[in-house]
Amino acid sequence: MLSAYARNGHLEEARALFQGMPQRNSVACTTMLVAYARSGQTDEAKRVFDDMKERNLVTWNAMLAGYARKGHLVEAKLLFQIAPERDVVSWTTMVTAHAEKGHVEDAKKYFDRMPERDLVSFTTMLTAYAENSRFHEARTLFSTMPELDLVSWNAMLVAYAHENDLEGARQVFDRMQERNMISWNVMLSGYAQRGDIEEARRVFDAMRVRNLVSWNAMLSALSRGSELQEAKMVFDRMPQRDVVSWNTMLCAFAENGEIQSAKKLFDSMREWNLVSCTAMLSAYSEAGELENARHVFDLMKERNVVSWTAMLSAYAQNGHVREAKQVFDAMGVRNVCSWTAMVSAYEKNGQLEEAKQVFSAMTDRNLSSWNAMLAAYARNGHPGKAREVFEGIPEQRNTVSWNAVLAACASSGESSSGAMEMFYTIALSGDAGDEISFVCILVACCHLGEVYTGWQLFQSMARDYGLKPAKQHYCCMLDLLGRAGYVESVEELIDSMPYVPDECERTAFLRACGSRGDTTTSLQALGSVEENKSTAASASSYVLLSNTLKQRQFVNIQ
């Protein structure tokens with residue numbers, strides 16, 4: 001009866017029966033010791049162990065396993081050393097104890113010292129390598145194992161997945177004569193994490209049986225791939241959900257700007273955790289709904305540095321510097337993201353000195369921190385200082401870094417030539433740049449009057465870089481042509497635009513006419529605007545026309 005209670009987890013009933021026994025033999029004591037050890041009550045297990053008059057190898061191994069399960073390595077080592085005898089189970093227990101703590105080298109020392117090994121020993125060491133990203137050791141051990149079972153094959157699958165070598169994982173998967181839920185889920189999760197939706201979908205559809213892990217992995221793959229509608233369909237089909245499922249769907253809505261759907265889902269959740277609340281807070285922040293973001297923040301029963309930083313970033317991104325500073329000051333713990341968010345808050349508000357003070361106080365910086373300070377100098381018209389910060393970045397610069405220093409140079413007429421040099425340096429460095437890079441360099445061309453260079457760069461966007469020119473690029477190019485008086489070129493570019501012309505294009509055209517003193521074309525252009533009820537001529541359009549008329553009048557007088 002004692003064994004039945006202990007085996008089925010009825011510890012209190014087993015304890016009562018054990019304590020009521022007038023005499024206890026070694027079998028009863030070992031049964032109770034094992035029950036305590038498995039439930040994590042090592043002190044109670046040790047008490048039974050110490051009271052035992054006779055102990056055998058099973059007793060010693062049970063106590064050793066109890067310590068190992070709780071992660072008490074010091075006690076496990078001492079017990080192992082004084083044990084009168086050891087077997088393969090004793091040694092494997094010590095390998096497991098160290099492996100689960102991440103002490104792979106210590107686990108290997110015990111493994112290498114084993115007088116004999118069995119399949120469990122090999123698989124334990126293999127799993128230790130796999131779960132601690134020791135891929136090469138795992139592959140070497142796997143290839144030398146005298147026999148393999150399903151656990152071994154799954155451990156090798158995990159090793160390949162951790163290495164993000166899904167092609168190798170697929171080869172192992174295809175060689176397996178037997179597979180279980182773990183095998184399928186490792187492959188599915190691997191494809192999901194890599195963002196390979198098609199392969200993830202193929203594995204998911206091939207599974208005869210799925211569990212919650214399978215459904216969550218597929219949901220995650222679709223969410224990461226911005227397949228929002230299909231993700232919602234999978235979510236609705238799930239036979240059961242946990243907080244991970246709800247959070248994954250919530251984050252998908254939030255990241256795709258579906259605020260109302262995110263709010264509806266958030267309100268229907270049975271429980272929230274830090275991830276749920278932080279995701280909803282960030283969603284409100286992106287939508288500029290700061291009151292709702294603050295409401296979620298105030299509802300949170302617990303907060304960590306991520307949730308505090310999310311609230312700080314919400315205020316920072318929406319220009320509420322004072323509130324951002326209040327959150328920053330109230331934070332018990334800050335990380336590099338918190339400090340960077342505060343630098344960005346001052347940068348966006350044009351408070352250069354405050355941004356410098358926060359940046360100087362940082363004990364740790366990452367590339368985002370440097371980029372924020374770089375942007376602060378750029379926004380405040382200090383191209384020289386921006387370049388100093390840029391040159392001082394201690395790590396590999398990214399496109400954001402290049403664009404910030406490009407913007408600083410391009411916005412200053414005196415430093416526009418420096419922007420040109422910087423742009424060509426980007427190309428030589430192997431960084432292709434992006435749409436923002438081209439806006440900056442076209443602005444620099446405008447300052448320098450480099451019409452031919454600007455036109456070549458504009459054409460190279462799609463031809464050489466695979467970038468589709470946006471409306472802002474067309475505006476820059478039209479401004480460049482307009483300032484140089486190329487009326488026909490401005491007209492041709494406006495006609496070829498995949499966008500509806502507005503104030504930007506009209507201004508460029510009138511400026512081109514003004515440069516040539518072409519009052520007739522200017523009046524015709526303004527007249528066509530007046531006839532078009534969808535747009536209205538702005539004051540700047542009339543000013544440009546007025547300047548053109550004055551210029552023509554001055555010429556006539558002469």
*Roughly how many Å² is the accessible area per residue of the range 364-493, as a whole number, for a 1.4 Å probe?*
46 Å²
*Where does the range 89-200 land on Rg(C-alpha)/(2.2 N^0.38 Å)?*
1.08
_I'd like the carbon and sulfur percentage of the solvent accessible area for the range 62-107, probe radius 1.4 Å, heavy atoms only, ligands and nucleic acids excluded._
52 percent
*Can you tell me how much longer the chain between residue 303 and residue 242 gets when fully stretched, taken as 0.36 nm per residue apart minus their C-alpha distance, in nm with one decimal?*
19.9 nm
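Accessible area per residue, 1.4 Å probe, Å², for the range 99-169: what's the number? Provide the component values of the computation, followed by the final result.
On the way: 3600 Å² over 71 residues.
Counting only protein heavy atoms, the per-residue value for the range 99-169 is 51 Å².
Got a sec? What order do 337, 440 fall in by accessible area at 1.4 Å, biggest, i.e. largest, first?
Details: 337 70, 440 15 Å².
Of 337, 440, the descending order of accessible area is 337, 440.
Using Cα pairs closer than 8 Å and at least 6 residues apart in sequence, work out the relative contact order for the range 296-433, in percent.
Working: 174 pairs, mean separation 21.7, N = 138.
With pairs under 8 Å counted, the relative contact order is 16 percent.
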*Which whole-Hz couplings ³J(HN,Hα) result when phi for each residue of the range 35-46 is put into the Karplus expression 6.51 cos²θ - 1.76 cosθ + 1.60, θ = phi - 60°, listed in order with x for Gly and Pro?*
4, 5, 4, 5, 8, x, 8, 5, 5, 5, 4, 5
_Taking all protein chains in place and a 1.4 Å probe, what share, in percent, of the accessible surface of the range 293-378 do carbon and sulfur account for?_
48 percent
*asked:* Using a 1.4 Å probe on the protein heavy atoms, what percent of the accessible area of the range 435-484 belongs to carbon and sulfur?
replied: 53 percent
*Report the full-extension gain for the segment residue 226 to residue 54: residue separation times 0.36 nm, less the Cα-Cα distance, to one decimal in nm.*
55.5 nm
*Candidate residues 197, 436: accessible-area rank, largest first, probe 1.4 Å*: 436, 197
*Using a 1.4 Å probe, how large is the accessible area of residue 309, given in Å² and rounded to the nearest 10?*
10 Å²
*Run the dipole for the range 305-360 about the Cα centre, Lys and Arg Cβ at +1, Asp and Glu Cβ at -1, nothing else charged, and hand back the magnitude in debye, nearest 20.*
60 debye
*Along Cα→Cβ, 7 Å out, is where each label goes; now give me the distance between the ones at residue 331 and residue 140 in nm to one decimal.*
4.3 nm
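Under a 1.4 angstrom probe, counting protein chains only, how are 486, 191 ranked by accessible area, largest first?
Working: 486 105, 191 10 Å².
Result, largest first: 486, 191.
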_Label-to-label distance, nm, for residues given as residue 206 and residue 363 (7 Å Cα→Cβ offset)_ = 5.1 nm
*Label residue 421 and residue 176 with points 7 Å out from Cα along Cα→Cβ: what is the distance between them in nm?*
5.9 nm
*Mind grabbing the accessible area of residue 311 for me, 1.4 Å probe, Å², rounded to tens?*
0 Å²
*When all protein chains stay in place, what accessible area (Å², nearest 10, 1.4 Å probe) is found for residue 379?*
140 Å²
_Entries of 263/348; 77/101; 70/101; 46/70 with Cα pairs more than 18 Å apart_ = 263/348
*Give me the aspartates and glutamates in straight-line cross-link reach of residue 325: C-alpha distance below 14 Å, same-chain residues under 8 apart excluded.*
347, 354
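Which GluC sites (Glu not before Pro) does the range 68-154 hold that lie in a coil by DSSP with at most 13 other beta carbons within 10 Å? List each step's numbers first, then the result.
Details: sites: 75, 85, 100, 105, 116, 131, 137, 147; in loops: 85, 116, 147.
Within the range 68-154, the qualifying GluC sites (Glu not before Pro) (loop, at most 13 other Cβ atoms within 10 Å) are 85, 116, 147.
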*Percent relative contact order of the range 111-178, based on C-alpha pairs within less than 8 angstrom and at least six residues apart?*
31 percent
*Pairs of Cα atoms under 8 Å, at least six residues apart: use those to get the relative contact order of the range 71-115, whole percent.*
36 percent
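The values are calculated or read from the model by the stated rules, or taken from the named source; none is laboratory data. Just so we're clear, the structure is a prediction, and the values are computed from it rather than from any experiment. Note: ideal-geometry Cβ built from the backbone for every residue, glycine included; neighbour counts use all protein chains shown. Surface accessibility is based on the protein's heavy atoms, side chains included, excluding ligands, DNA and RNA. Shrake-Rupley method; radii C 1.70, N 1.55, O 1.52, S 1.80 Å.
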